[in-house]
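Report on the following structure.
The values are calculated or read from the model by the stated rules, or taken from the named source; none is laboratory data. Note that the structure is a prediction, hence the values are computed from the model and not measured. Counting neighbours? That spans all protein chains shown, and the Cβs are built from the backbone with ideal geometry, glycine included. Remember, those area values only see protein heavy atoms, side chains included, never the ligands or the DNA or RNA. Shrake-Rupley method; radii C 1.70, N 1.55, O 1.52, S 1.80 Å.
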Amino acid sequence: MSQPRIIVVGVGFGGLAAAKALKNTPARIILIDRTNHHLFQPLLYQVATSVLTPSQIATPIRSIFRNQKNTTVIMGEVTGVDKDQKYVIASDADRQNVPIAYDYLILATGASHSYFGHSEFAEYAPGLKSLACLIHEN
């Protein structure tokens with residue numbers, strides 16, 4: 001019997017913990033994330049105030065899993081899931097709408113900030129969820 005294929009979409013805290021927990025399992029793990037780094041979001045405000053540098057709170061995903069031999073990292077975006085046929089549709093810079101089959105799927109896509117029904121606040125109070133949000137155009 002072949003090894004089951006487990007796809008983890010998102011390598012934030014949830015996806016990272018799931019993938020690490022699967023390290024010693026007889027399965028093939030495929031991690032898919034839009035960025036090439038895991039971001040420790042609780043310290044983003046320290047980067048915003050220049051106490052820390054971005055490299056101090058962002059670690060390349062491939063370096064985190066370099067010793068986890070059953071894991072493959074794909075930098076891309078999952079744009080769809082076919083749960084009946086058991087595949088995700090992923091796109092990256094080189095390819096669009098590629099189906100990737102799975103036996104098990106973990107969706108750990110994270111969360112977004114909330115303005116509690118007042119979306120007009122976003123203009124004056126941008127959320128801190130990524131390093132990109134720290135770049136301001138003047």
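Some values worked out for this structure:
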{"item": "Members of the range 48-64 that are farther than 12 Å from Asn36 by Cβ and out of contact with any Leu (no Cβ under 7 Å at 6 or more places or on another chain)", "result": "Thr49, Ser50, Val51, Thr53, Ser55, Gln56"}
{"item": "Odd one out for His38 among (1) open to solvent by less than 50 Å² (accessible area, probe 1.4 Å); (2) in contact (Cβ under 8 Å) with a residue 60 or more places away in the chain; (3) within 14 Å of the chain's Cα centre (by Cα)", "result": "(2)"}
{"item": "Residue list for the range 41-63, restricted to those being touching a residue at least 40 places away in the same chain (Cβ under 8 Å) and within 13 Å of the chain's Cα centre (by Cα)", "result": "Gln41, Ala58, Ile61"}
{"item": "Filtered residue count, the range 65-124, keeping only those that are over 17 Å from the mean Cα position of the chain (by Cα), assigned to a loop (DSSP other than H, G, I, E, B) and exposed (fewer than 14 other Cβ atoms within 10 Å of the Cβ)", "result": "16"}
{"item": "Among (1) of a type in the set (A, V, I, L, M); (2) over 25 Å from Ala93 (Cβ atoms); (3) open to solvent by less than 20 Å² (accessible area, probe 1.4 Å), the one test that Val11 misses", "result": "(2)"}
{"item": "Residue count for the range 14-35, restricted to those that are crowded, with 21+ Cβ neighbours inside 10 Å and either part of a helix (DSSP H, G or I) or without any contact (Cβ under 8 Å) to a residue 40 or more places away in the chain (or both)", "result": "2"}
{"item": "Single condition Pro60 does not satisfy, out of (1) over 28 Å from Pro126 (Cα atoms); (2) touching a strand residue (DSSP E or B) at 6+ places or on another chain (Cβ under 9 Å); (3) not acidic (Asp, Glu)", "result": "(1)"}
{"item": "Answer from Asp103, Asp94, Asp82 - the residue that is among the acidic types (Asp, Glu), under 18 Å from Ala18 (Cβ atoms) and out of contact with any His (no Cβ under 7 Å at 6 or more places or on another chain)", "result": "Asp103"}
